[in-house]
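I have placed the structure first, in the form of structure tokens, so that the comments after it can refer back to it.
The values are calculated or read from the model by the stated rules, or taken from the named source; none is laboratory data. Keep in mind that this is a model prediction, so the values were computed, not measured. Glycine gets a Cβ as well: all are built from the backbone with ideal geometry, and neighbour counts include every protein chain shown. Areas reflect the complete protein model, heavy atoms only, side chains present, ligands, DNA and RNA absent. Shrake-Rupley method; radii C 1.70, N 1.55, O 1.52, S 1.80 Å.
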Amino acid sequence: MRTGKSELCPEIYAFSIQLHRLNMVDTRKASCMTVATLAYQSLGVVYGDLSTSPLYVYKTTFSGKLSLHENDEEIYGVFSFIFWTFTLIALFKYTLIVMSADDNGEGGTFALYSLLCRHARLSILPNQQATDEKLSAYATHGSVETWQSSALKSFFEKHPRFRTGLFILVLLGTCMAIGDGVLTPTISGSRVLSAVSGVRLKITALHENYVVLISCVIIVGLFSLQHHGTNRVAFMFAPIVTAWLLCISSIEDRHRRMDLIRRSGSLNHRLLSSQNTMKISREAFIKPYQARAKTKAVFWPVFIVATFAAVVGSQAVISATFSIISQCCALNCFPFVKIIHTSSKIYGQIYIPEVNWILMCLCLAVTIGLRDTNMMGHAYGLAVTTVMFVTTCLMALVMIIVWKQRIAIAVAFLVIFGSMELLYISASVYKIPEGGWIPLALSFIFMAIMYIWNYGTTKKHEFDVENK
């Protein structure tokens, strides 16, 4: 029995997983055109989410007491924090390390769990059967055991409770990722809501109800496009994201850049010493996101492009949610649903109608019920950071059991990245009363469904074995 494959998650998480799609095509055999096409599609699926994140990050950051100190130094300080987060977590952790632990091109918590189950007896259902070795995708040859990996395998085999605990941890990360699939399109609506809030500086008569209505229409339209498949949707969205990235990198503000050099502290000075970086920081993270463009000729073009970019920003997580559900079904952790493969060439590009419309209804409910971008941001933050921490824990096990690395290396990885992510989680915990309860409630519901379904499948398997 093959044990599952992948899962996708929030922005940085979705970034790492969607890039795994590129690995599905052997670049040694594929034509340059195929690789270039996939790279172009990644703009519409991956980078739209990453490049539009600060649309709501800045608004949420300056929603509390920090709003009393909303000056250039504070804004650049927040940008510095965002920059280092992307550098350390997105680049070093996911791109350089986690993406190497793919499961036939798929990534995420389920992919890591699949690798662990393949190399050790960790699955709740029996795995490592003789027939599994006949599957080309299940091969584990070429790995030499070490005493660290053997000891860890023996520990899990002797303690079923720890196997169950690991499974629950995987379910937690998975359900938080599914919850993120609900929150990200909602956040995309709130991104538009944030952008429209900037328009309210120009059009003061625009009522909040109209903003909510616009968000709902956008969410319905976004999910209505999903049946075309990731391939076509990516082609439609890539030009929008490209225009957005070109827009935020082409606007000049020499005075602000030089002022940043003069006033930045030592850390921000070293971080943002490049003129290009300062240009992007000023124009990409401040003017478009907080709608402070002072030139009318720049305001409306930037606003229009930013609005369209905000709409497509959630595509990565929507596609990710389809993959999550598909792999949950493969692991007998979710009721079977109709899975439509939308590409005859690229494995993993799928569409699940039932999940699509359920997600749309949940997104509409959250959008209409909250009407508050700050609460949405708090909920989104807790979901994202939890998935990141679960990934770090599983990755430490993969280093020992699958990669046969020394325990010291795995512990160093866990301490370095886990400590940062726990810091984020601790900050999100304080926001539970202010919207952080939403991903917890969604995750509890999804975990209950998945655990009960898996429990019933396990009992059915035991009954079949006893009465064979």
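Exactly one condition in (1) among the aliphatic types (A, V, I, L, M); (2) touching a helix residue (DSSP H, G or I) at 6+ places or on another chain (Cβ under 8 Å); (3) surrounded by fewer than 23 Cβ atoms within 10 Å (Cβ to Cβ) is false for Ala365; which is it?
With (1) among the aliphatic types (A, V, I, L, M); (2) touching a helix residue (DSSP H, G or I) at 6+ places or on another chain (Cβ under 8 Å); (3) surrounded by fewer than 23 Cβ atoms within 10 Å (Cβ to Cβ) applied to Ala365, the lone miss is (2).
Which residues, counting only those in the range 90-134, are open to solvent by 30 Å² or more (accessible area, probe 1.4 Å), at pLDDT below 70 and of a type in the set (S, T, N, Q)?
Result: Gln128, Gln129, Thr131.
Go through (1) at pLDDT below 80; (2) in a helix (DSSP H, G or I) and name the single condition Pro239 misses.
Failed condition: (1).
Which condition number in (1) part of a helix (DSSP H, G or I); (2) within 24 Å of Thr146 (Cα to Cα) is the one that Gln405 fails?
Single failed check for Gln405: (1).
Step by step: first the residues of the range 206-233, then only those that are at pLDDT below 80 and not β-branched (Val, Ile, Thr), then the one that is least open to solvent (accessible area, probe 1.4 Å). Which residue is that?
Ser215
Quick one: in the range 135-152, which of the residues that are over 30 Å from the mean Cα position of the chain (by Cα) and at pLDDT 85 or above is surrounded by the fewest Cβ atoms within 10 Å (Cβ to Cβ)?
Of everything passing the filter in the range 135-152, Trp147 is surrounded by the fewest Cβ atoms within 10 Å (Cβ to Cβ).
Among the residues of the range 419-468, what is the count of those that are open to solvent by 90 Å² or more (accessible area, probe 1.4 Å) and outside any helix (DSSP H, G or I)?
3
Quick check, is Ile416 surrounded by fewer than 20 Cβ atoms within 10 Å (Cβ to Cβ) and in a helix (DSSP H, G or I)?
yes
When Ile346 is evaluated against the numbered criteria (1) touching a residue at least 60 places away in the same chain (Cβ under 8 Å); (2) hydrophobic (A, V, I, L, M, F, W, C); (3) in contact with a Cys (Cβ under 9 Å, 6 or more places away or on another chain); (4) within 28 Å of Phe235 (Cα to Cα), which criterion, by number, is the only one it fails?
Evaluating Ile346 over (1) touching a residue at least 60 places away in the same chain (Cβ under 8 Å); (2) hydrophobic (A, V, I, L, M, F, W, C); (3) in contact with a Cys (Cβ under 9 Å, 6 or more places away or on another chain); (4) within 28 Å of Phe235 (Cα to Cα) leaves (3) as the failure.
Output yes when any residue across the range 29-47 is under 30 Å from Phe167 (Cβ atoms) and either at pLDDT 80 or above or open to solvent by 50 Å² or more (accessible area, probe 1.4 Å) (or both), and no when none is.
Taking every residue of the range 29-47 in turn, none turns out to be under 30 Å from Phe167 (Cβ atoms) and either at pLDDT 80 or above or open to solvent by 50 Å² or more (accessible area, probe 1.4 Å) (or both).
Condition check ((1) modelled with pLDDT of 85 or more; (2) open to solvent by 10 Å² or more (accessible area, probe 1.4 Å)) across all residues:
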{"site": "Ala310", "(1), (2)": "no, no"}
{"site": "Ile324", "(1), (2)": "yes, no"}
{"site": "Tyr347", "(1), (2)": "no, yes"}
{"site": "Leu359", "(1), (2)": "yes, no"}
{"site": "Met376", "(1), (2)": "no, no"}
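List the number of the failed condition for Asn332; all other conditions in (1) among the polar types (S, T, N, Q); (2) more than 28 Å from Thr457 (Cα to Cα); (3) outside any helix (DSSP H, G or I) hold.
Every listed condition holds for Asn332 apart from (2).
Suppose the filter is assigned to a helix (DSSP H, G or I), at pLDDT below 80, surrounded by 24 or more Cβ atoms within 10 Å (Cβ to Cβ) and not aromatic (Phe, Trp, Tyr); does Gly189 pass it?
Details: assigned to a helix (DSSP H, G or I): yes; at pLDDT below 80: yes; surrounded by 24 or more Cβ atoms within 10 Å (Cβ to Cβ): yes; not aromatic (Phe, Trp, Tyr): yes.
Taking the combined requirement at face value, the residue satisfies it.
Between residues in the range 302-314 that are within 12 Å of Ile218 (Cβ to Cβ) and residues that are of a type in the set (Lys, Arg) and buried (at least 20 other Cβ atoms within 10 Å of the Cβ), which pairs lie under 7 Å by C-beta distance while being six or more apart or on different chains?
Ala310/Arg191; Gly313/Arg191
Being without any contact (Cβ under 8 Å) to a residue 24 or more places away in the chain and over 21 Å from Ser100 (Cα atoms) narrows it down to one residue among Lys460, Lys431; which is it?
Working: Lys431 fails: without any contact (Cβ under 8 Å) to a residue 24 or more places away in the chain.
Result of the check over Lys460, Lys431: Lys460.
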